[in-house]
Amino acid sequence: MSYILTTQCDDDVGLIAKITGLCHAHNLNITRNNEFVDKDAKRFFMRTELTGEPQNDFLSQLRALLPEGAQLALHDDTKTKVVLLATKEAHCLGTVLLKQFEQALNIEVMAVIANYPDLEPLAKGFNVPFHVVSHVGLSRAEHDKKVGDLIASYNPDIIGLAKYMRILSPEFVGRFENKIINIHHSFLPAFIGAKPYHQAFERGVKIIGATAHFVNNELDEGPIILQDVTSVTHANTAEMMAKMGKDVEKTVFSKALQLASEHKLFINGNKTVVFS
């Protein structure tokens, strides 16, 4: 069997030796290892790929060796369960569904939930359940409660906002803390809000980009996972830039989901540690 061990704890002397030593004691072979120490925060992060069969008390033994409060997880090769939220734009949703169909992502899209029915044919074309939860006549809290209950019925590991054009309530974010990944249509922190490509056009920018980030209660200011850019010139209109931007958005979004599915993401305060 193959496993991925993720470790996050306060930094201390000999952590790598303690972890690898216990792996050896359990006859686990380490096939790949990445570690990082945030010297300012004095936090240690490690991702370890293993083969073998750990005993049931492996994590409890490891926890006893590490600083108090260590966050440990042992992941098998089961695909990461994802629920996608969408509105009307198809590019991010379609890219993820296609990559799943091609088995290019280590995820299983359990369902698509949207507040409009426009994208139902797209989801149904990939045999993915599609649910419409309309926001009409509901407060934001009421709508988020209905959507949240539906999400919870699928028990996903990750919730992906595939251009879901709704501001989430603090209650919703808290319910799925550190599980929500959003794609933002700009190279944050610039051009926040409506019509970002028109804002960029008016400023005469030479690059446009997209940002995938975890969602917190500060609008578009959660820990950044991944960013990418593409070059533009004075000859590009705002509409041309929007089309180019969509290509960057869908690429960044699918890459962020892949990183999450491979357990390569660690939240570190308002930043992330991202192993390659």
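A few comments on the model shown:
- Dividing the C-alpha radius of gyration of the chain by 2.2 N^0.38 Å, with N its residue count, gives 1.10.
- Taking every protein chain into account, the accessible area of the stretch 145-276 amounts to 48 square angstrom per residue (probe 1.4 Å).
- Backbone HN-Hα couplings from phi across the stretch 169-179 [Karplus 6.51/-1.76/1.60, Hz, Gly and Pro as x]: 6, x, 5, 5, 4, x, 5, 10, 4, 6, 10
- Solvent exposure of the stretch 16-80 amounts to 59 Å² per residue of accessible area, where only protein heavy atoms count and the probe is 1.4 Å.
- Since only ASN56, LEU84, GLY137 are under comparison, the one whose Cα sits farthest along the positive direction of the charge dipole of the chain, derived from C-beta charges on Lys, Arg, Asp and Glu, is GLY137.
- Of the cross-linked pairs LYS145/LYS264; LYS42/LYS81; LYS18/LYS179; LYS146/LYS179; LYS79/LYS99; LYS39/LYS179, those separated by over 21 Å at the C-alpha level are LYS145/LYS264; LYS42/LYS81; LYS18/LYS179; LYS39/LYS179.
- For a label point 7 Å along the Cα-to-beta-carbon line of ILE16, residues of the stretch 43-77 with backbone N under 17 Å: 43-50
- Extension gain, HIS234 to LYS145, is 27.5 nm, computed as 0.36 nm per intervening residue step minus the present C-alpha separation.
- Taking 7 Å steps out from each Cα toward its Cβ at LYS206 and SER134 produces label points 5.0 nm apart.
- Portion, in percent, of the accessible area of the chain that falls on carbon or sulfur, probe 1.4 Å: 52 percent
- Linear extension gain, GLU218 paired with GLU53, 0.36 nm per residue minus alpha-carbon span: 55.2 nm
- Size of the stretch 1-69 as Cα extents on the principal axes (Å, biggest first): 36, 23, 16
- Computing FRET efficiency as 1/(1 + (r/R0)^6) for ASN27 and LYS124, where r is the C-beta to C-beta distance and R0 is 51 Å, gives about 0.60.
The values are calculated or read from the model by the stated rules, or taken from the named source; none is laboratory data. Just so it is clear, the model here is predicted, and its values are computed rather than measured. Don't worry about glycine lacking a Cβ; one is built from the backbone with ideal geometry, like all the others, and counts go over all protein chains shown. The area values use the complete protein model at the heavy-atom level, side chains included, leaving out ligands, DNA and RNA. Shrake-Rupley method; radii C 1.70, N 1.55, O 1.52, S 1.80 Å.
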